[in-house]
Every structure is written in C-alpha cells, then in structure tokens.
Amino acid sequence: MIPELGHFALILALFVALVQAVVPMIGASRGDRAWMGVASSAAAAQFALVTLAFGCLVWCYVVSDFSVLNVAQNSHTDKPLLYKITGVWGNHEGSMLLWVFILSVYGMAAALFGRNLPPTLRARALAVQGLVAFGFLVFILLTSNPFLRLDPAPPNGMGMNPLLQDPGLAFHPPFLYLGYVGFSMAYSFAVAALIEGRVDAVWARWVRPWVLAAWCFLTVGIVGGSWWAYYTLGWGGWWYWDPVENASLMPWLAGTALLHSLIVVERRDALKAWTILLTIVTFSLSLLGTFLVRSGVLTSVHSFAADPSRGVFILALLAGFTGLSLTLFSIRAPSLKGGSLFAPVSREGGLLLNNIFLSAAMGAVLLGTLYPLFMDVLELGKISVGPPYFDMVFIPFMTPVILAMALGPMLAWKRGSLKTAFARLRISLALAAAAIAVFAAFHVSWGVAASMGMAVWLFAGTMETLAERTGFLRAPWRETKRRALGLPRSFYGMIASHAGIAILIAGIAGSTAWQSERIQIMHIGDSVALGGYEIKLAKVEDGIKGPNYTAMRGIFDVSRNGVQDIALHPEKRTYDAPPRTTTKAATWGDFPHNLYAVLGDPDPKGGYVTRLYDKPLVTWIFFGGGLIALGGGLALLDRRYRVGAPTRSKYAGRDG
Amino acid sequence: MKIRRFFLLFLLGIAVATAFADTARAVLPDEMLSNPVLERRARKISEGLRCLVCQNESIDDSDAALAHDLRILVRKRLLAGDTDAQVKQYIVSRYGNYVLLKPPFDAETLGLWLGPGALLLFGAAAAVFFYRRKDGVAETPRLSGEERARLDALMNGGQGGGENAS
Amino acid sequence: MKKVFAMLPVAVFAVLVGFFIYRLVLIDHGDTPNLIPSVMIGRSAPAFDLPPLFDGQPHFAAKDLQGKVTLINFFASWCEACRAEHGFLGEVKQAGIRLIGIDYKDDPKDAKAWLARMGDPYDEVVTDADGRTAINFGLYGVPESYLIDKKGVIRFKQTGELTPDVIRSQVVPLARELSR
C-alpha cells in the first residue's frame, strides 16, 4: 500500500510539474496574473507530492519491506536504522528520487522567497523549474521506478555495500545533490531572463543567493567526500581525478566563476551575456555529470552501465535543457547591452581574469575527462587520461588565479592601479618571499616552496585586505571596530573563502612534500619510527562483533620520546550481508603531523601487514575546504539578501 | 583497491552492486626492493601505470592480482638495469598506450595536450575583444596629471596614436 | 560578429551531443569503454617456453607454434568464467584447430582435478605459474584466448569467455582462412 501511495504521488507530481511548466509560462506571455499565480501553488503541490513519495520510500526502507524490489536489492534487516535511511539514496533509483525531492524543495523555496520578484520573471523561472522536474519525473517513472514490487518477497534483502555504511558517506550524496540541483534555480532564472530579454543588476542580485547556496552545498559535498575517502579508504589519498570526481569538480569550477561574474553584473551591470552563459553551463555540467556517471560512456562507471536506455534518456534531458537554453542564448545574447566599461586593471578586470582562468581550467578538466571518449568515437585508439595529466594542466591554470586572488580585492572598481595594490600588499609580498626562501632552504622541491609561497601570499594578502578595510592599526581602535561592524557579511565571506583556499593549498603542498610511509610486516610488540613517533603494534584483537560485521582490530601505541600519546585502532571488518571485507583506517593528528594506520592481512608467520603514514598538514585540506564553504554561507547571510530582493524601480538610475 | 572506485562512484550517489572486496591495498612489503633508490623509482613508475582490470587507478594503488604481477615485473626490469623509460616501454609494448596514465604526446593526443592552451588563448582573445568594445556605457575616467601629460604627448607626437583609432 | 559568437556555445554543445550519441550507439553494438583492443594483434607471439601440467609431457614453446594454426587458451581452476567457457572448447578442436591450454597462476593439483572433472579438451596443457608469459601476451585476466597463425603471428584475441557465437562466427572462419 505504502509503495503504491508513493508511486501514485510521483505520477500526480508529474502532472503538477506539467501544469507548472506550461500554465505560468503562457500566463507570463499574456500578462495574466491568475495564470502566473499557478506557479507558486503548483510548486507547493509539487513539493508536497514529491515529499510524500520520498517519505514512502524511506518508510519502505525503515520497515524493511522486501516486497519492494529496490529495498530488497539494497537493504537488510540487520542494518542500523541510520543506514537503512541513508540506503535510500545509495542506489540509482533512490538517488534519482532524492534528486527530484531536492528539486522540489528548491522550487518551494523559490515560491516562498520570490514574493518580491517581478511576477512575470517569477512565473517563468518557476515554469522552467517545473519543466526540469517534469523531465526527471518522466525519467524516474519510465526507467528508474523505485516503487516496483517484487513477488514473492524474499525473506531478507541483499544488503548495502558496507562502504556506504559510514556517516561520512551517508550524508555526502545529499550535499552534492543540493549543489547540483541548486544550480537549476540559477538556470531557471537565466532562461526566464533570456525569454524576457532583460538581464540587469537586479537580476544578478536575485540569482546570487541561489548560486551561493548551491555552491556552498557542493563545496561541502566535495570536501566531505574527499575527507571520507581519506579517513576510511586506507590509502591516504583524497583526490584522484577520476571522471566521477571531475564530474563534481567541473560544476564547482563553473559555479565559482559564476559567483564572481555575478558580482560584476550586480555592481557594474557588465558581463551580462557571459554570466547568463556561465549560469547555463554550470547547471549543464551538473546534468553532464549525471549523464557520464549513469550512462556508462566512460570507463569509470564500468560496473554501473547496466541500462543503456537510462543513458539515452539522460542524454535526451541534457540535450533538451542545455540545447534549448543555449539556442535561446544565441538568439537573445546579441541584443543584451554591454554595460559599463572598465579597465583591465580594476576590480572587475580581476574578476574577469578569475573567470577566464577558472573557465579554461574547467574546460581543460572537461577535455581530459572526455578525450578518451572522443578517441573512441573517432577510432583513434584507447588512451587513459589520469592524474599526471590533470596535475600538469590544472596547476598552471590555477596559479594565476591564486596570485590574482590577493590582488583583486585591493584594486579599485573601474580603474585600479597595480602599483597601489602591490604597495598595500607589501607585507604579504615580503612574507611570501620569506616563505619561499625558508622552504627552499629546507630542501623541499621548488614546486612545494612556490606553493607554500602562494599560500602565504594569499593568506597574508587576504588579511591585509581585511586590515585595509577596517583601518586596522592605522585608524583609532574605535574607528576600526566601527568599520569592521559596518562591513557586509559578504565581505567576510570573501575573506573566509579566500583564506580557506590559502589553507587548502598549504595542506596540499605540505602533505605531498613531507609525507612519509612505512609499509611492513609487524609482529606483536614490533615498533616503527615515523615522523618522530614510535608506533608499536601492541596487540591485535580478533572477532570483535559489530551490529552487522566482525572486525579484527589492531592496537597501535603511539609514543614520542618514550611518552605515550595515544593509541590508534584501525580495523579490518568483514560484513555479514553482503559478505565483504573493508578496512577502517585510524588517524590521529598532532600539528603538524597526521598519523594514519591501516591494518592489513595477517602473514602466515604470525605477523600483520601494516601501513603507517605520516601526512603532515593533510587536515588543512579539509579545514581549508570547510572554510571555503563557510565563506559562502556567510555571504549568503548578507543583509542585502535578507532584507528582500530589491525592486527594479529602487535600482533604476543607480550607478555602481 | 576497488574500494576507491566505490567512493568515486558514490560521489554522484551511486551504489554499485559488484563484488568488491578490499583487504590490504597497494604495495605489499614482500614486493618491495631493498635498494631504496630502485624502490623509489619503482613506486614512481607504478604510479604512472594504469591498473588494467580495475580501471582508472594506478597499479601502485591497486590490489588486483595483475597489478601485483606488474609491480613485481617493474621491479625485475629495474633490477635488470632498465631505465624508467625502458620499463614503461616494456609494458606499453604489451598493453598499449592505454596503460599510461599520462598519455604520450603524439598526433592522436594533440588535442588533449594543446587544447587547454588553446582554450586559454581563446579566453584571452575574447577578453581583448571585450576590452575594445564600443557599445558599453562610456564613463570618461578622470585622468591623472601624469596620464593627461602622456595623452597630450601622444596627441601632439602622433606616435602610437593609431592604435586608439581602431 | 556578435551573432556568430552567440551561436558558438550551442554549436559546440551540438557536436558534444553528437559524440555522446555515437558513443551510446557503439555501446549498443557491444563496444563498451572498458573493451581494450590488444596491441598484440598482427605481432609475433612473445617468446615463451612453458613446462607441462602433466608430468612426462613435453614443454610447449613459442617455436612450436610454427606450421599449425593454434588457439592458446589461458585458464585457471579458480576462475568462474572459465567454467562457463570450458564446455565450448571442444568445438574449437573439432574445427581442426590445435588447442593449447595455459594454466594461469594455479596450483597444478587443483588444475589436474579440475580437468579430470570438467574434461580435458586440450592438445597440450602447460603452466604459467608466475603469470609472466601471460603478461607478455598482454593478458588482463582469465579466461583469454589467442588465435595464432602458422607463422606464429597473433591474429585474434578474445578477452573473457569464448562463447559458441564467437567460436562459430569468428574463431573458426578465421582459422580456416589461416590454414589455407
């Protein structure tokens, strides 16, 4: 009964989505208020129905209703409740439902917060949103229905891959989806603006919060996934340039560029066509990722490409949404007015530079990801494009961005002076030079010394920007405080995110340069010296029972100068259903070190294969990543978004 | 190391129902060479070679049986006195360029290696085009004394003045 | 000029979609991205000289490939897919192709028991205990089969199981042509 209710709710949602896509669009072109008003009620109904459907699927998982095929294939009664729930999106069908659920949440939010928007723009944006929902609902109902029944119901389910049974991974997909799907809002606004043929500063201000929210979630999703990979997977890596990782990085890069170009539109009414294009591209890249991952056209997805009809369907959705909007773009863009002029050396110029490099970097990642596919199609042979390629291409593209990131905020709008900016950043320059000299003296490679120099440059430069704006140490304390309180939250968001990037770079450089590893067979009582610590395998406990697994646990005593600091407890778990073995690494950080222990297979002679790593500063990568997301969150809390969207009349005649 | 495959897939929220078993990963103690210089070279080479059966990860990271054999082979070739390039060539001659995580620069990969640079050039060209556009709202920038002096010099001398006429 | 620029994104995207469609069509025809054609096709079989599985039988070496069309089949007793393929190998032999089995990284005891149970269609079975010969052939995993002509040149490779369809439509016709 419950699964049928969910199924029925989805079908209803499909019709509501159709209404939401069509009626407000016609209403907007006719100027009919009542028809336009359908948009918000449809969005609300859509939200209610999809929430009901999603709730039904969650319910099926919680009560372990194995008469539902999807539950039987992916769940098990022994699983802890948390993983029964998170198992809902641990498979293709359920994750698509989560996708549509999040889409409906955004639609609802747009209906709620969009009261100040011009009615036609709002109606059109919600209609586009309805169209996107319609496409995905058709996709779910025709190819990926999670509510299909199984008769007879098996006594128990097949279980979920134990790797997914980790809190870090459980909440990773929802964040990614909140990011990907969030960009659909910006996309809808862009299409609506193209239909109206009007893009201006006010439009940018309406769109920016949605982009900020989506970007924050995506950042959290990527950083969280990376962190999860680091602390559970036991190889100490956190990024591998796999097509699926790239699929999440590309919308992030485009979204980052978009955040910055929106500033130019909002403040200076320039770069409008480019910004619209970037908005379309960002959401298209989210769709492209879905296509690449679920269609099997790239090797990364080798084990998932079960159903080519899904690939065809998602490609049709991608071609439809992206193709339509880009065609609309090609018609409307030439008539968009150019906006105000600015010099290459200016705040806007810096933001444009950021956009060029980020977009080129995104294009390079796209090229590397798709190149094997191009070669396949052109019958040029099979090649692999792996980490060495992406490192070689990506790092030179990001270097100018990072160098300019400290300078940009010090430049004036319209026309800035590099001389003045450098003069204001002289402490940062000195610190960066000193950092390079010190690190080079420590015999690290020039690449690492340069990276550390960049990190210092960016961090110090960001702090100098903060000092500059608040008049720190130059103005009286009272004045500094007054100015600091007066600065908008979006400014602090920028400071936090830019500082986060600096910390991230230092983390990457440090963990690469100073990592050390010890791989050996250890017997009970053996010690290994690593990073100034003594790591002793004290004992190995076998047969530890978990809720649905049995574990072998190693106890490593970590001591320095004979004083014991802590014990590390890596595990090797064997799950009951499905019967799989996973490793659970143990990590412990004590600045600057980050120790990492993995217990491997027992050796016939009574020892154990152990892998011990010291990855100094590696946690900075995740801390920096978190700070980047936090900055986005701060910017989202800016007053000017809370006070409500400005109306166009208030903006009229406003000059940067 | 198929476990990592798993994470990657899950980055987009996809569970894969193939039998993944992960125990120890990557290089095992008994594979390693006692000569640290050779071992470091072996690790470096292994990191650049793709594990063929697990897709998109290096043999250094993989716990597949074939990856294990290839790691041993790499070390044997190094002990036999091969250079790094010779070791790679030895494996490429059997498995093709597909095993190289960094594709070679040749006619087929021209687009791959030159593409990013071309993209950047295109971006730069678009920026130049953009800065020279004339349809923007012209806001006459206030000229500093120095700029005014330079402008005057240009106007009077006529040198380089043609550039602004475009 | 502006109009041309504005058309550029949709044009690039259309080309991209074209590639995707073509790739999906290829998948539909069985050419999945993880299907990697062997670079060994058209090249002489690598040098090898492997000991027999059953005591008393001769070694089999690369030079023994001369003069006869041969199918080399890599198998192992621990390999599930080999079990599925095993029953069809008789067809290869019936077609007059010499069938050499190479037991890949296996315990000889297990391999002998496996062949005793499953039947032994091979003309000769040799062992590749450390898998080095397999790597020289460019092997990914078992089962894999290589059709080699009279001059010792590899002409065809099957990655994974030989199905009756592959044997009938590809292996046997090619072998017949090569025997001429």
Residues being free of Cβ contacts under 8 Å to residues at least 60 places away in the same chain and of a type in the set (S, T, Y) - total across region A:572-586: 2
Anything in region A:46-57 that is surrounded by 17 or more Cβ atoms within 10 Å (Cβ to Cβ) and either out of contact with any Leu (no Cβ under 8 Å at 6 or more places or on another chain) or not in a helix (DSSP H, G or I) (or both)? List them, or say none. A:Q46, A:F47
Test: residue in region C:129-136 that is assigned to a loop (DSSP other than H, G, I, E, B), within 15 Å of the chain's Cα centre (by Cα) and more than 16 Å from C:W78 (Cα to Cα): no
Quick one: A:G589 ticks every box in (1) under 30 Å from A:A496 (Cβ atoms); (2) touching a residue at least 40 places away in the same chain (Cβ under 8 Å) bar one, so which box is it? (2)
For region A:175-198, indicate whether the set of residues that are under 16 Å from the mean Cα position of the chain (by Cα) and free of Cβ contacts under 8 Å to residues at least 40 places away in the same chain is non-empty. no
Within region A:371-383, considering residues that are closer than 27 Å to B:D60 by Cα and without any contact (Cβ under 8 Å) to a residue 40 or more places away in the chain, the one surrounded by the fewest Cβ atoms within 10 Å (Cβ to Cβ): A:G381
Spot the failing condition for A:V444; the list is (1) more than 18 Å from A:L487 (Cα to Cα); (2) part of a helix (DSSP H, G or I), and only one is missed. (2)
Residues satisfying the stated conditions in region A:339-360, i.e. under 12 Å from A:W413 (Cβ atoms), crowded, with 21+ Cβ neighbours inside 10 Å and facing chain B (nearest Cβ under 8 Å): A:L341
In region A:505-559, the residues that are at positive phi and surrounded by 15 or more Cβ atoms within 10 Å (Cβ to Cβ): A:G531
Can you tell me which residue is nearest to A:R310 (Cα to Cα) among those in region C:12-35 that are crowded, with 19+ Cβ neighbours inside 10 Å and within 13 Å of chain B (Cβ to nearest Cβ)? C:P33
Considering residues of region A:58-97 that are surrounded by fewer than 24 Cβ atoms within 10 Å (Cβ to Cβ) and among the small types (G, A, S) only, the residue farthest from the other protein chains (Cβ to nearest Cβ): A:S67
So A:E4 clears everything in (1) in contact with a strand residue (DSSP E or B) (Cβ under 9 Å, 6 or more places away or on another chain); (2) closer than 20 Å to A:P174 by Cβ; (3) surrounded by fewer than 17 Cβ atoms within 10 Å (Cβ to Cβ) except one condition, right? Which one? (2)
Based on this model, can you work out whether A:Y187 counts as of a type in the set (S, T, Y) and within 14 Å of chain B (Cβ to nearest Cβ)? no
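The numbers here are math on the coordinates, done by the rules we state, and not lab data. These numbers were taken from a predicted model, which means no experiment stands behind them. Cβ: placed from backbone, ideal geometry, glycine included. Neighbour counts: every protein chain shown.
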